[in-house]
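Step one of this worksheet: look at the structure below.
The values are calculated or read from the model by the stated rules, or taken from the named source; none is laboratory data. Since we're looking at a predicted model, the values are computed, not measured. Positions of Cβ are generated from backbone atoms using ideal geometry, with glycine treated the same way; all protein chains shown enter the neighbour counts. With ligands, DNA and RNA removed, areas are computed over all heavy atoms of the protein, side chains included. Shrake-Rupley method; radii C 1.70, N 1.55, O 1.52, S 1.80 Å.
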Amino acid sequence: MYSTFHGLEIGKRAILSQQTALSTTGHNIANANTIGYTRQEAVLRATHPLASPNPNNGTIPMQMGTGVEVSEFRRIRESYLDRQFQNEQKEAGYWEGKASALSNIENVFNELGDSGLTSSLNRFWQGLQELSKQPENLSARVVVVANGKELAGQLNEIYTGLEQNETFLADQIQGKTNEINTIANEVAGLNLKIAQNIGAGTQPNDLMDRRDVLLDQLSKMVDIQVTPAQNGRVDVSIGGEKLVEGNNASPFTLDLQTGGAKIAGTDIELAGGEIKGLLETHGYTVNGTTVGSIPDLRAKIDLLAVTIADSINAIHAGDEARNLDDIQARSIDPSAPLEKLLFFVDKDDPTQPPKNAGSMMINPMLVEFPSKVAAASSDTIGDGSNAKAMSEALIQKINIGGTDATIGDFFKGIIGQLGTDVKTAQLSAENATKMVEQVDHRRQSVSGVSIDEELTNMVRYQQAYNAAASYVSAVNDMLNTLINGMK
């Protein structure tokens with residue numbers, strides 16, 4: 001037999017349950033714009049009934065309901081969409097990292113205006129052409145020297161710019177590596193707290209939301225696999241090795257020289273993510289072979305610089321090359337030796353040709369004495385054939401790195417390939433980002449807070465709360481009649 005005050009207990013449970021459900025709705029509304037928040041639902045269920053024996057029902061007792069209770073605070077989350085989102089994040093991170101890095105490298109070449117290497121090459125060629133027409137003109141020689149100095153300076157700047165971008169990418173990759181380890185440690189800490197809460201019979205929904213946000217961030221940097229574990233924990237793996245296992249996180253390391261990634265000393269393969277895109281741009285060495293965008297560009301620019309220097313030096317310091325000082329000396333002594341000065345030299349050793357684009361400079365002797373520019377190939381004062389030969393060397397097809405091309409066309413090929421790579425990366429990044437947005441939109445349609453839906457629920461719970469309060473009032477009136485009416 002149930003208590004006389006049974007009705008009050010039912011009413012109390014109804015009021016508390018509807019109030020709790022209303023508070024959950026308020027929590028959802030308050031976090032409608034919170035990044036990573038997952039909509040929650042107070043799940044109501046009937047409480048255990050009481051047996052109520054009755055002589056009219058034989059030996060089987062009837063059951064009397066005891067009201068309602070909140071059984072759980074459910075997170076409305078679809079794990080399949082989380083996995084799909086993280087997979088798309090991996091692609092987006094890879095292409096965004098690559099597009100950003102390549103765009104910065106493209107800015108180093110600065111070919112949009114008239115201050116790029118192509119313009120410098122053209123001015124150098126034009127200066128040599130003018131010198132070939134008036135070799136005795138000192139101002140024409142000064143222009144050639146200035147243009148040569150500008151050309152060498154442009155190659156120096158490109159070389160330095162590539163080095164600076166390489167350093168910047170190295171710092172960026174190291175920063176991402178540190179961030180991965182920080183996130184891994186925080187996820188492991190959250191795993192512990194979540195397991196403790198679940199073990200104590202509570203539901204740590206907000207802690208789970210924080211963990212999911214961290215996993216989303218991690219999935220953009222590296223390709224992760226997330227698997228559920230006991231008591232609400234999750235294990236996080238990269239390349240088959242566990243970065244987070246339960247309450248423990250293992251260190252993630254990356255060797256920029258070899259491109260090798262490791263977890264707790266075990267080699268892993270990076271299948272995607274921002275770090276992979278940055279690493280491929282930065283470059284690394286595998287089995288003695290250096291690969292990557294920056295090493296490839298540096299090798300081509302070095303080859304271009306050495307080719308320019310060798311082509312000009314071979315003519316300027318050739319057996320037939322003569323500068324004004326040589327011609328003057330031979331007008332007195334026809335057997336006087338020729339100076340045979342190199343036009344482009346190495347900064348570290350001005351007696352040698354440049355070893356790369358970064359060390360290339362014009363011979364200081366020519367800067368100080370423009371008369372030593374070897375414009376002639378004979379002892380005649382008005383001879384400018386050597387200057388013409390140098391200008392023609394810049395526009396003739398030669399073998400550069402196994403390719404027959406002019407110096408200008410070879411450089412255009414470098415710029416063209418870089419531009420294509422940048423455009424491909426940018427388009428791929430845009431497409432990947434759109435895919436991420438589409439998956440996230442589907443995920444938000446399930447997990448996100450809908451203000452309209454929450455307002456509807458608020459009215460439902462409010463009405464139920466009011467009805468429960470009215471019910472308690474009615475039971476109270478009945479008890480008042482019963483108790484006071486017996487006096």
Looking across the range 323-355 at residues that are of a type in the set (A, V, I, L, M) and under 17 Å from Asp310 (Cβ atoms), the single one that is least open to solvent (accessible area, probe 1.4 Å) is Val345
All conditions in (1) in a helix (DSSP H, G or I); (2) modelled with pLDDT of 90 or more are true of Glu9 except (2)
Does Gln174 count as in a loop (DSSP other than H, G, I, E, B) and either under 26 Å from Glu72 (Cβ atoms) or open to solvent by 30 Å² or more (accessible area, probe 1.4 Å) (or both)?
-> no
Any residue in the range 395-412 that is among the basic types (Lys, Arg) and at pLDDT 90 or above?
-> yes
Hits in the range 235-256 (condition: open to solvent by 20 Å² or more (accessible area, probe 1.4 Å) and either in a helix (DSSP H, G or I) or on the phi < 0 side of the Ramachandran plot (or both)) | Glu241, Lys242, Glu245, Asn247, Asn248, Ala249, Ser250, Pro251, Thr253, Leu254, Asp255, Leu256
Name the pairs whose Cβ atoms lie under 8 Å apart, with the first residue in the range 100-129 and touching a residue at least 24 places away in the same chain (Cβ under 8 Å) and more than 20 Å from Asn386 (Cα to Cα), the second open to solvent by 50 Å² or more (accessible area, probe 1.4 Å) and among the basic types (Lys, Arg), and 6 or more positions between them or separate chains?
-> Thr118/Lys412
Filtering the range 222-234 down to residues that are in a strand (DSSP E or B) and open to solvent by 30 Å² or more (accessible area, probe 1.4 Å), which residue is farthest from Asn28 (Cα to Cα)?
-> Gln225
Failed condition for Ser378, given (1) surrounded by 15 or more Cβ atoms within 10 Å (Cβ to Cβ); (2) outside any helix (DSSP H, G or I), with all others met?
-> (1)
Look at the range 381-409 and say how many of its residues are within 25 Å of Ser132 (Cα to Cα) and either touching a residue at least 60 places away in the same chain (Cβ under 8 Å) or open to solvent by less than 30 Å² (accessible area, probe 1.4 Å) (or both).
-> 19
Of all residues in the range 101-141, which are among the hydroxyl-bearing types (Ser, Thr, Tyr), farther than 28 Å from Ser377 by Cβ and open to solvent by 60 Å² or more (accessible area, probe 1.4 Å)?
-> none
Report the residue count in the range 306-325 for those that are within 14 Å of Ala389 (Cβ to Cβ) and in contact with a Pro (Cβ under 6 Å, 6 or more places away or on another chain).
-> 1
Single residue of the range 195-212 satisfying the filter (out of contact with any helix residue (DSSP H, G or I) (no Cβ under 9 Å at 6 or more places or on another chain) and open to solvent by less than 30 Å² (accessible area, probe 1.4 Å)) that is farthest from Trp95 (Cα to Cα) | Asn205
Meets criteria (more than 30 Å from Ala152 (Cβ to Cβ), assigned to a helix (DSSP H, G or I) and touching a helix residue (DSSP H, G or I) at 6+ places or on another chain (Cβ under 9 Å)) for Ser219 | yes
Members of the range 303-336 found to be more than 19 Å from Leu138 (Cα to Cα), in contact (Cβ under 8 Å) with a residue 24 or more places away in the chain and in a loop (DSSP other than H, G, I, E, B), listed by number | Ala317, Gly318, Glu320, Pro334
So is Gly260 more than 25 Å from Tyr37 (Cα to Cα) and either surrounded by fewer than 18 Cβ atoms within 10 Å (Cβ to Cβ) or without any contact (Cβ under 8 Å) to a residue 60 or more places away in the chain (or both) or not?
-> yes
Considering only residues of the range 144-161 that are under 13 Å from Phe344 (Cα atoms) and hydrophobic (A, V, I, L, M, F, W, C), which is most open to solvent (accessible area, probe 1.4 Å)?
-> Ala146
